Each structure stands twice: as structure tokens, then as C-alpha cells.
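One structure is given below, encoded as C-alpha cells.
The values are calculated or read from the model by the stated rules, or taken from the named source; none is laboratory data. Please read these numbers as outputs of a predicted model, since none were measured by experiment. Using ideal geometry, Cβ is built from the backbone for each residue, glycine included, and neighbour counts are taken over all protein chains shown. The accessibility values were calculated without ligands, DNA or RNA, using every heavy atom of the protein model including side chains. Shrake-Rupley method; radii C 1.70, N 1.55, O 1.52, S 1.80 Å.
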Amino acid sequence: MADTYKAVEVSAPGTLRAVRRSISEPGAGQVRMRVEACGICHTDAATVTGIYPGLNLPRIPGHEVVGRIEALGSGVSRWKIGQRVGVGFFGGEDGVCEPCRRGDIVNCQNPVIPGVTVDGGYAEVMIAEARGIASIPDELTSVEAAPLLCAGITTYNALRNAGLRGGDLVAVQGIGGLGHLGIQFARHMGFHTVAIGRGREKEKPAKDLGAHVYIDTAVDDAAAVLQRMGGARAILATAPSGGAMGPLVSGLAARGKLIVVAVPEDQMQLSAFPLVFGGRSIYGSLAGTAIDTEDTLAFSVLENIRPMIETVPLEQAADAYARMMQGKARFRMVLVTGQ
Ligand SMILES: NC(=O)c1ccc[n+]([C@@H]2O[C@H](COP(=O)([O-])OP(=O)(O)OC[C@H]3O[C@@H](n4cnc5c(N)ncnc54)[C@H](OP(=O)(O)O)[C@@H]3O)[C@@H](O)[C@H]2O)c1
Ligand SMILES: [Zn+2]
Ligand SMILES: [Zn+2]
């Protein structure tokens with residue numbers, strides 16, 4: 001076996017370049033994966049631009065990683081060589097901070113984050129923490145599973161943890177990597193599903209993915225349309241636009257929730273009125289843990305939910321990343337390593 005592997009790293013802010021790295025042995029509690037597929041998430045922008053707090057360059061981005069285990073570190077008993085596994089944004093908890101000690105490990109204050117605190121999946125090989133990986137079911141190919149490891153789990157967890165009931169009016173704002181999966185999860189969880197996009201072009205794909213109703217914010221006020229429908233019990237905000245998020249609060253029913261999963265660079269503008277009069281709320285939701293990933297994958301198999309993807313060889317990561325940032329991906333770019 002070669003003692004080096006191909007990877008694409010951020011060498012300086014804004015620069016993705018192909019490199020060769022030396023293969024190293026996994027440490028205690030780690031596994032080494034031979035990567036088969038890695039999705040390109042919008043959050044990778046925080047690595048590529050170098051703005052992620054505490055990030056040190058060079059760094060290999062990528063946190064929607066599927067591969068096969070090829071080496072086990074000491075003390076790893078749960079996983080086997082040859083097993084197909086995946087790792088998402090949440091790559092492992094420290095186990096000692098206050099949220100961890102309270103059992104809230106997804107909010108660990110010192111988490112392992114592939115592509116941020118450690119090298120990620122834009123590579124042929126990746127080392128992951130054994131406690132942060134999920135088993136991939138045979139029904140899913142590696143390219144299908146990859147986007148479910150961040151875009152999928154984030155939208156699935158946000159929706160399933162929102163205290164919703166079957167038939168509730170639920171809107172998904174933004175029809176990209178997260179949103180196109182959020183629409184499918186909302187529909188398959190039994191919600192009256194509304195997709196909110198900008199432009200007519202997203203109407204057909206949104207309805208094909210399961211939206212009952214499409215709101216085009218280029219011509220309609222999303223909050224007004226939702227109010228005419230009785231008000232949304234929840235709106236899942238996936239579009240990275242703070243400006244577009246705040247006004248959605250007025251589209252919520254009394255006690256409705258704006259669930260923020262996008263992390264826009266611009267500030268959210270909010271009016272206190274709809275929050276106070278009607279007891280509406282806003283909160284954020286961060287990806288999920290490895291066992292949540294396994295739930296996401298199982299639900300996707302059960303309900304036949306699949307991401308819509310475009311696959312690209314690892315070597316073309318920079319072009320694929322640019323395509324995602326330009327909003328041209330339909331709807332997730334997935335890097336493949338030719339294994
Ligand atoms: N909470 C978490 O754990 C978590 C996990 C993953 C990602 N994220 C964050 O979630 C966001 C989305 O990620 P992604 O990978 O889905 O990005 P993406 O694939 O680039 O999709 C974003 C979509 O938002 C749409 N959009 C942008 N502005 C809009 C607006 N004003 N109104 C309606 N739609 C708008 C874009 O559509 P057009 O430009 O074509 O209109 C695009 O399709 C990012 O901020 C990312 O960092 C958070
Ligand atoms: Zn992500
Ligand atoms: Zn912790």
C-alpha cells in the first residue's frame with residue numbers, strides 16, 4: 001500500500017489545493033478510514049475562508065465523510081476493519097465539559113470537528129474518533145449516505161426534536177443541501193409541508209421532493225402566505241441569510257418556532273412584537289451525534305429518502321466547492337475518490 005494519500009487542503013484563506021500527505025496510524029480510540037465519498041457543505045466555507053474561530057491552516061475540509069475502516073487504534077472494540085462508516089460535523093466530545101457532564105454532548109465546548117479541529121474528508125484517507133462515527137446501512141451507497149451525515153442529520157434532528165404533531169404546518173426556508181433534505185423529512189414525518197425559495201426555478205424540484213406548497217419570495221411575502229394558511233407551527237431556516245430569516249417569525253402561528261440551522265454572516269433583524277404577542281420563539285439547532293446520524297440513516301432507508309447529488313472527483317474539489325457557493329449545486333456536491 002502507498003504510504004501517502006491524495007487530499008485537497010486549504011493552504012491559505014481562499015485557496016484549495018491538491019496535496020499528498022503521509023499516512024499515519026490511528027491513535028488510541030481512533031480509526032483510519034479509506035474515504036469513498038465526502039459531501040460539500042456550506043459550512044466548509046468557514047474553513048476555506050479561514051474564519052472558523054480557532055482554525056489553523058493548512059486544514060483538509062469536509063465533514064460528510066463515508067469510508068471503510070482500514071486500521072484500528074488501540075482500545076477500539078466496537079468497529080471492525082472493512083466496515084463502512086461515516087462521520088459528520090460532530091466528530092466526538094471531550095466528555096469533561098459542563099454540557100458533556102450533563103449529557104448534552106452535541107453542545108460539547110471542545111468538540112472534535114472534522115475539517116476544522118482535525119483534517120476532514122476532502123481526501124483519500126481520514127482519521128476519525130471511534131466514538132464519533134456511525135455505521136452506514138447497506139441500502140445506501142456511499143455517495144447517497146454522505147450528505148445525510150450533516151445536511152441530513154441537521155434537518156432531521158431539528159424537525160424531530162421540535163415537539164411537532166402530524167399534520168402541523170411546517171415550512172422549510174432555503175432549498176439547497178440542507179433544505180432539499182428538510183423538505184423530504186418534513187413530508188415523510190407527516191407535516192403539511194411548505195417550501196420557501198426565491199425564484200420560480202425551485203418550485204418544481206421542491207414539489208417533487210414532497211412540498212405541498214411552494215412560496216416564491218421573489219413575488220410573495222412568505223410570512224403573509226403562511227398566515228393565510230393559518231400560521232406555521234415551525235419554520236426551519238436553512239438559507240444563509242440573516243436578512244431573510246427575521247421576517248419569517250411573523251409567519252408563525254401562536255407558540256410557533258423559528259428553528260435556525262443556517263449560520264449566515266449577516267445579522268438577523270427581529271421585531272419583538274410577534275415574539276411577545278403569540279408566544280413565538282426562536283432557537284438554534286446544531287447537527288447531532290453519531291447515534292442521531294444512525295437514526296437519520298435508518299429513517300432515510302425506511303422512507304426511501306435520498307439526497308439529490310452531483311458527484312465530482314476529489315481532484316476537482318475547488319470547482320465543486322465554487323459551484324456550491326454560487327448556489328448551482330443540485331442539491332449537494334459529493335466528492336468521490338475512485339475507490
Ligand atoms: N446547524 C447546523 O448544524 C448546520 C449544519 C450544516 C449547515 N449549516 C448551515 O446551514 C446553511 C445552509 O447550508 P447548505 O449546505 O444547505 O447550503 P447551500 O447548499 O448553499 O444552500 C443554501 C440555499 O439557501 C438558499 N438561499 C440563500 N438565500 C436565500 C434567501 N434569501 N431566500 C431563500 N433561499 C435562500 C440558496 O438558494 P439560491 O441562492 O439558489 O436562491 C441555497 O439553495 C449554511 O449557513 C450552513 O453553514 C448548519
Ligand atoms: Zn455541514
Ligand atoms: Zn464536552
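Residue count for the range 20-61 satisfying the condition of being polar (S, T, N, Q) and in a loop (DSSP other than H, G, I, E, B): 4. Looking for something under 20 Å from Ala171 (Cα atoms), touching a residue at least 60 places away in the same chain (Cβ under 8 Å) and away from ligand 2 (no atom under 16 Å from the Cβ) - is there at least one such residue anywhere in the range 264-279? No, there is no match, as no residue in the range 264-279 is under 20 Å from Ala171 (Cα atoms), touching a residue at least 60 places away in the same chain (Cβ under 8 Å) and away from ligand 2 (no atom under 16 Å from the Cβ). Is it fair to say His188 is farther than 19 Å from Ala287 by Cβ, touching a Leu at 6+ places or on another chain (Cβ under 6 Å) and in contact (Cβ under 8 Å) with a residue 24 or more places away in the chain? No. Here is the figure for the range 323-334: residues that are among the small types (Gly, Ala, Ser) and either under 21 Å from Arg34 (Cα atoms) or open to solvent by 70 Å² or more (accessible area, probe 1.4 Å) (or both) total 0.
Residues in the range 180-194 that are surrounded by 20 or more Cβ atoms within 10 Å (Cβ to Cβ) and assigned to a helix (DSSP H, G or I): 8 in all.
Filtering the range 9-52 to residues that are acidic (Asp, Glu) and touching a Ser or Thr at 6+ places or on another chain (Cβ under 6 Å) leaves only Glu36. A residue that is among the β-branched types (Val, Ile, Thr), modelled with pLDDT of 95 or more, within 16 Å of ligand 2 (Cβ to nearest atom) and part of a loop (DSSP other than H, G, I, E, B) cannot be found anywhere in the range 62-78. For the structure I just gave you, tell me whether Ser74 is open to solvent by less than 30 Å² (accessible area, probe 1.4 Å), away from ligand 1 (no atom under 16 Å from the Cβ) and of a type in the set (Ser, Thr, Tyr). In short, no.
For the range 195-205, residues that are surrounded by fewer than 19 Cβ atoms within 10 Å (Cβ to Cβ) and either among the basic types (Lys, Arg) or assigned to a strand (DSSP E or B) (or both) total 2.
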